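Here is the structure we will look at.
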């Protein structure tokens, strides 16, 4: 982790009531964003991944957001939204290579047969864990996670956190929005608080 | 048209008796339909008599500009109808513009080609040919486009989360919207596909029946009907495609984002 040259660089990002905010997340670093509901934590993540119109410069390594097509940007900087989306009847076709991912299902506390399940029968928590694997499948350099464990019990939450730590060890930068203060302490190297459109460092 | 039988106004008065009976039945059975029935019937009579007079004078004046004026207002009225039939519409001028533009492009375009080549009326814009053909083509294109746009806009708003999930996985806007787009195209195409399949067995089209009643040989009438059905099918297809692709283009942007704020919210109360 090199704080002088972070992997994800956000400069003067502005969207609706947010910003301008500037910050960075290093390779292998996890930064948590906290703050009261409705302050725009999800809005901030959506702006970084360019899902809503916004102003500012964002860079991931040597990839400058404005220089690449948005789909390429979102493969480099992947976001897991709070509500997971599904567009086909079964789980498997939502993955690029379902057979390769099958073996990773136990890592999120699901049996390998989950790949054959029907989306309509999944619980919110199951959907969310599958969506995390789907999000990781493309091998993004930066992960933006919006409440990734909100619908999960304590044990499964720890399992997901172990998977995320594994990602950090591989050099992924993680920006995580969480309401769970203990989770922020377990995972994050730094905690930022979003209030009145500005980010403030919270003393660890 | 040797054996054409002209109707007298007495004939029409006699025919209207059946409708009057319906109105009386409604009164007697307290159905509450008699008012609506009467208003609709009066509207029909007034509108058709006016359009008959209008067409009669247009046919005798034979002015290209007057014909163009009438054709344009037909397209604009159809455009308004498409706009009004959508639960969620594009905001601003786009809401009216995309449907109307698609109809002008497909409906009017195909009508002009048919008039200049297949029908070959002289001059090609002769209102006696141009306006009825345009009317039939527009009416069907209007149905297709309004069904397709309504399905598209409802689908996009309802499936925002799954569309954005696909965008977030690095898909382009066209690929992420393909499932919704396909459903919208299907609802736009369905009426004309069904109509083509059922024609001649279940329904005898009004135009063909009209020609036969006025003494045209049935095989000749069928040829005209086929021509019109081909035109209608082609124009509906092209119009539906143009309108839905235009609308998808408007509801997304060059950074592959979904721009739902460009869509109106449905009215909460009917």
Worksheet item: (1) surrounded by 15 or more Cβ atoms within 10 Å (Cβ to Cβ); (2) assigned to a loop (DSSP other than H, G, I, E, B); (3) touching a strand residue (DSSP E or B) at 6+ places or on another chain (Cβ under 9 Å): which one isn't true of residue A:179, the others all being true?
Response: (1)
Fill in: Every residue from segment A:122-131 that is within 14 Å of residue A:92 (Cα to Cα), assigned to a helix (DSSP H, G or I) and more than 9 Å from chain B (Cβ to nearest Cβ)
A:126, A:127, A:129, A:130
Response to the item:
Of (1) in the same structural domain as residue B:178 (by TED's automatic domain parsing); (2) free of Cβ contacts under 8 Å to residues at least 12 places away in the same chain, residue B:79 fails just (2)
Worksheet item: Of all residues in segment A:73-90, which are touching a strand residue (DSSP E or B) at 6+ places or on another chain (Cβ under 8 Å) and either assigned to a helix (DSSP H, G or I) or more than 13 Å from chain B (Cβ to nearest Cβ) (or both)?
Response: A:73, A:76, A:90
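So that you can scan it fast, the table gives a plain yes or no per residue for (1) within 22 Å of the chain's Cα centre (by Cα); (2) more than 25 Å from residue B:267 (Cα to Cα):
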site: B:26; (1), (2): no, yes
site: B:62; (1), (2): no, yes
site: B:84; (1), (2): yes, no
site: B:93; (1), (2): yes, no
site: B:101; (1), (2): yes, yes
site: B:105; (1), (2): yes, yes
site: B:110; (1), (2): yes, yes
site: B:115; (1), (2): yes, yes
site: B:119; (1), (2): yes, yes
Worksheet item: Looking at (1) within 20 Å of residue B:160 (Cα to Cα); (2) buried (at least 21 other Cβ atoms within 10 Å of the Cβ); (3) more than 11 Å from chain B (Cβ to nearest Cβ), which is the one condition that is false for residue A:93?
Response: (2)
Item to complete: Pull up segment A:143-155, narrow it to residues that are in contact with a helix residue (DSSP H, G or I) (Cβ under 7 Å, 6 or more places away or on another chain) and more than 12 Å from chain B (Cβ to nearest Cβ), then point me to the one that is surrounded by the most Cβ atoms within 10 Å (Cβ to Cβ).
Response: A:148
Response to the item:
Of (1) assigned to a loop (DSSP other than H, G, I, E, B); (2) within 9 Å of chain B (Cβ to nearest Cβ), residue A:139 fails just (2)
Worksheet item: Has segment B:230-253 got any residue that is within 14 Å of chain A (Cβ to nearest Cβ), buried (at least 19 other Cβ atoms within 10 Å of the Cβ) and within 27 Å of residue B:93 (Cβ to Cβ)?
Response: yes
Worksheet item: Has segment A:34-50 got any residue that is touching a helix residue (DSSP H, G or I) at 6+ places or on another chain (Cβ under 6 Å), within 24 Å of residue A:194 (Cα to Cα) and at pLDDT 95 or above?
Response: yes
Worksheet entry | Scope segment B:136-165; condition without any contact (Cβ under 8 Å) to a residue 12 or more places away in the chain and surrounded by 22 or more Cβ atoms within 10 Å (Cβ to Cβ); matching residues | B:165
Practice prompt. Output the number of residues of segment B:170-189 satisfying the condition of being within 7 Å of chain A (Cβ to nearest Cβ) and closer than 18 Å to residue A:119 by Cβ.
Written response: 2
Worksheet entry | Matching residues, segment B:2-21, being within 14 Å of residue B:37 (Cβ to Cβ) and surrounded by 10 or more Cβ atoms within 10 Å (Cβ to Cβ) | B:16, B:19, B:20, B:21
Worksheet, complete the sentence: Only unsatisfied item for residue A:149, checking (1) touching a residue at least 12 places away in the same chain (Cβ under 8 Å); (2) touching a strand residue (DSSP E or B) at 6+ places or on another chain (Cβ under 9 Å); (3) not in a helix (DSSP H, G or I), is (2)
Item to complete: Quick one: which helices (runs of 4 or more DSSP H) lie wholly within segment B:176-267 and hold at least 3 residues that are closer than 30 Å to residue B:116 by Cα and within 18 Å of the chain's Cα centre (by Cα)?
Response: B:178-198, B:218-250
Worksheet item: Does segment B:57-71 contain any residue that is more than 26 Å from residue B:224 (Cα to Cα) and surrounded by 13 or more Cβ atoms within 10 Å (Cβ to Cβ)?
Response: no
Discussion item. On the basis of being in contact (Cβ under 8 Å) with a residue 60 or more places away in the chain, in a helix (DSSP H, G or I) and over 30 Å from residue B:216 (Cα atoms), does residue B:105 make the cut?
Written reply: yes
Worksheet item: So, of the residues in segment A:59-72 that are more than 9 Å from chain B (Cβ to nearest Cβ) and crowded, with 18+ Cβ neighbours inside 10 Å, which turns out to be farthest from residue A:20 (Cα to Cα)?
Response: A:60
Practice prompt. For segment B:1-35, enumerate the residues that are assigned to a loop (DSSP other than H, G, I, E, B) and under 30 Å from residue B:217 (Cβ atoms).
Written response: B:1, B:2, B:3, B:4, B:5, B:6, B:7, B:8
Worksheet item: Only one residue in A:28, A:56, A:38 is surrounded by fewer than 20 Cβ atoms within 10 Å (Cβ to Cβ), away from every other protein chain (no Cβ under 12 Å) and either in a helix (DSSP H, G or I) or without any contact (Cβ under 8 Å) to a residue 12 or more places away in the chain (or both), so which one is that?
Response: A:38
Discussion item. Against the condition touching a helix residue (DSSP H, G or I) at 6+ places or on another chain (Cβ under 7 Å), loosely packed, with under 14 Cβ neighbours inside 10 Å and assigned by TED's automatic domain parsing to the domain that holds residue B:147, how does residue B:205 come out, does it pass?
Written reply: no
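The values are calculated or read from the model by the stated rules, or taken from the named source; none is laboratory data. The shown structure was predicted, so the numbers you read here are calculated from the model rather than taken from an experiment. Cβ atoms come from the backbone with ideal geometry, glycine included; neighbour counts cover every protein chain shown.
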